[in-house]
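Participant: This is the structure, below, for whatever I ask next.
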Amino acid sequence: MILLLCGCNSNINHKNYSENNQDKYKIGVVLKAMDSEYCLSLKSGIEKAADELDVEVLIVHPQTEKDVRQQKILINDMLNSDVDAIVVVPCDSYYSEYMEIAKEKDIPVFSMDTDIYGEDEIYIGSNNLLIGKLAGEYMNDRLEGKGSVAILTGTLIQSPHIERLKGFKDYIELNTDIEIVYEKEAYCSFLDSVQKTKEILDKFPDIDGVFCTNATMTLGVMDRLEFLKLDEPISIIGVDTQTDSIRKIIDGKITGMVSQNGYEIANETVHTVVRYLNGEKIEKNIYIDSEFIRKDNAENYLKTNN
């Protein structure tokens, strides 16, 4: 059974939830939001695994991933519920006060997609340093080792954006003559990325490439560049496997995306939690593979992953 709630004032009937299903594991999941294709893919992966394993999952989330305070309330509510384990996709990787409460209550906490810094919880998700490196390698290939690039990131209190940025910059700075001339947060926002693309072009009209740390921002950059109809193409590289972004690769409007399969991450997370609850020894980090999606393999990726 899957329950999906949003907002910080949700009233969960924990007593009934527990008493009616004594024989099933109950897993609480606190997501960042439910406002993107990627978030929906996480939900789908959770649902599938819950059905496969016959476990109950209660899913809650704030309205947006900027709602750090709201998510804190939801996590604390979950810790006071009758669950066997909690999965968190933290809005803030640096906030972990709830981990101490979880330890006191003997409730294991797992991080999915986004790591909790400074804690020893089990993490299931992408290797985001590697994602940044893959993006840097392909940007280098496209620009033949020279030119200038801009970077748009999500909020830099979340581990995926921090680590993708580091992986990309480390590769570019250590292995190429490409200059990084612009680096700002666009908060995973389509509109913000559109506005910042205008700012980039105003300051650096000869920019050669843009790297974005998620798909929504990538689409925002593409939208602005498409509107301008520039004479010289600008390489756009992003992250995630949103269907619309991959179709734009096929259309030649986005250069490429480093894959991050939310469905697979979420499905593996629920399986990992159940294995842990069954007493199996689990590795600290469980990484889901990423690959570079470009025009020559994008159609095949869509066929095999949808």
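Participant: As an exercise, use a Förster radius of 51 Å and the Cβ-Cβ distance of D120 and L230 to find the FRET efficiency, rounded to the nearest 0.05.
Facilitator: The value I calculate is 0.60.
Participant: Could you check what % of the DSSP bridge pairs in the range 147-306 are antiparallel, to the nearest 5?
Facilitator: Percent antiparallel among DSSP bridges in the range 147-306 is about 10.
Participant: Evaluate the charge dipole of the chain about its Cα centre and quote only its size in Debye, nearest 20, assuming +1 on the Cβ of each Lys and Arg and -1 on the Cβ of each Asp and Glu.
Facilitator: Here the size comes out at about 420 debye.
Participant: Pull up all non-local amide H partners of N127: gap of 5 or more, or a different chain, and H-to-H distance under 5 Å with H placed in the peptide plane.
Facilitator: I288
Participant: Given H placed 1.01 Å from N in the peptide plane, which residues other than close sequence neighbours of V88 have an amide H under 5 Å from its amide H?
Facilitator: Excluding prolines and chain starts, which carry no amide H, the hits are V30, F110, S111, M112.
Participant: Here's something else I'd like to know. Build a GNM of the chain with springs between Cα atoms under 10 Å: which of P233, P205, P62 gets the top mean-square fluctuation?
Facilitator: Residue with maximal mean-square fluctuation among P233, P205, P62: P205.
Participant: Let me ask something else about it. Which order do L230, L201 fall in if you start with the one that has the fewest other Cβ atoms within 10 Å?
Facilitator: Placing the least packed residue first, the sequence is L230, L201.
Participant: If you don't mind, there's one more thing I want to ask. Using Cα atoms only, what is the angle between the long axis of helix 215-228 and the major principal axis of the chain, expressed in degrees (0 to 90) to the nearest 10?
Facilitator: Helix 215-228 and the main axis of the chain meet at about 30 degrees.
Participant: With each run of n ≥ 4 DSSP H residues scored as -39500 (n - 2.57), what mean residue ellipticity at 222 nm is computed for the chain after dividing by its residue count and rounding to the nearest 500 deg cm²/dmol?
Facilitator: Mean residue ellipticity at 222 nm (helix-derived): -14000 deg cm²/dmol.
Participant: Explain nothing, just compute: Karplus ³J(HN,Hα) = 6.51 cos²θ - 1.76 cosθ + 1.60, θ = phi - 60°, for every residue of the range 45-58 in order, whole Hz, x for Gly and Pro.
Facilitator: Couplings: x, 5, 4, 5, 5, 4, 5, 5, 9, 6, 10, 9, 10, 10 Hz.
Participant: Residue-wise, which Karplus ³J(HN,Hα) couplings in Hz belong to the range 246-252, taking 6.51 cos²θ - 1.76 cosθ + 1.60, θ = phi - 60°, and x for glycine or proline?
Facilitator: Per residue, the Karplus-derived 3J(HN,Hα) values read 5, 5, 6, 5, 4, 6, x Hz.
Participant: Pairing the Cα long axis of helix 262-277 with the longest principal axis of the chain, what angle in degrees results, from 0 to 90 and rounded to the nearest 10?
Facilitator: Around 30 degrees separate the two axes.
Participant: Which pairs, out of K146/K198; K32/K203; K24/K72; K166/K295; K169/K281, put more than 31 Å between their alpha-carbon atoms?
Facilitator: In this structure, K32/K203; K169/K281 exceed 31 Å between Cα atoms.
Participant: Next up: Of K196, K281, how do they rank once you tally other Cβ atoms within 10 Å and put the fewest first?
Facilitator: Values: K196 24, K281 6.
Going from least to most buried by this count: K281, K196.
Participant: For P(r) over Cα pairs in 20 Å bins from 0, in percent, which listed value, [x] 27, 49, 22, 2; [y] 34, 52, 13, 0; [z] 30, 58, 12, comes from the coordinates shown?
Facilitator: Label [y] holds the value from this structure.
Participant: Could you check what % of the DSSP bridge pairs in the chain are antiparallel, to the nearest 5?
Facilitator: Restricted to the chain, the bridges split so that about 5 percent are antiparallel.
Participant: Evaluate E = 1/(1 + (r/R0)^6) for V68 and Y287, where r is the Cβ-Cβ distance and R0 equals 35 Å; express this FRET efficiency to the nearest 0.05.
Facilitator: 0.85
Participant: Could you work out the equivalent-ellipsoid semi-axes for the range 128-259, taking the square root of 5 times each eigenvalue of the Cα gyration tensor, largest first, in whole Å? Can you show the working numbers first?
Facilitator: Numbers: eigenvalues 68, 57, 42 Å².
Equivalent-ellipsoid dimensions as semi-axes: 18, 17, 15 Å.
Participant: If you consider only alpha-carbon coordinates, what radius of gyration and Dmax does the range 183-245 have, in Å?
Facilitator: 10.8, 32
Participant: Follow-up question, since we're still on this one. Go through the range 109-124 residue by residue and turn each phi into a ³J(HN,Hα) via Karplus (6.51, -1.76, 1.60, θ = phi - 60°); whole Hz please, and just put x for glycine and proline.
Facilitator: 3J(HN,Hα) across the range 109-124, in whole Hz: 10, 10, 9, 10, 6, 10, 6, 9, 5, x, 10, 9, 5, 7, 10, 10.
Participant: Give the relative contact order (percent, whole number) for the range 128-259; include only Cα pairs under 8 Å separated by 6+ residues.
Facilitator: Value for the range 128-259: 26 percent.
Participant: Roughly what angle does helix 190-203 make with the longest principal axis of the chain, taking Cα atoms, 0 to 90 degrees, to the nearest 10?
Facilitator: For 190-203 against the chain, the angle is about 30 degrees.
Participant: Follow-up. Report the extension gain between N297 and D206 in nm, rounded to one decimal, defined as 0.36 nm multiplied by the number of residues separating them, less their alpha carbon distance.
Facilitator: Residue separation times 0.36 nm, minus the Cα-Cα distance, leaves 29.9 nm.
Participant: For the chain, set up a Gaussian network in which alpha carbons nearer than 10 Å are linked by springs, and say which option among E173, E185, E65 fluctuates the most.
Facilitator: Among E173, E185, E65, the largest mean-square fluctuation in the Gaussian network model of the chain belongs to E173.
Read-outs throughout are calculated quantities, based only on the coordinates presented, and are distinct from any laboratory measurement. It should be emphasised that the depicted structure is a prediction, and the values quoted were computed from it without experimental measurement. Note that we place each Cβ from the backbone using ideal geometry, even for glycine, and neighbour counts take in every protein chain shown.
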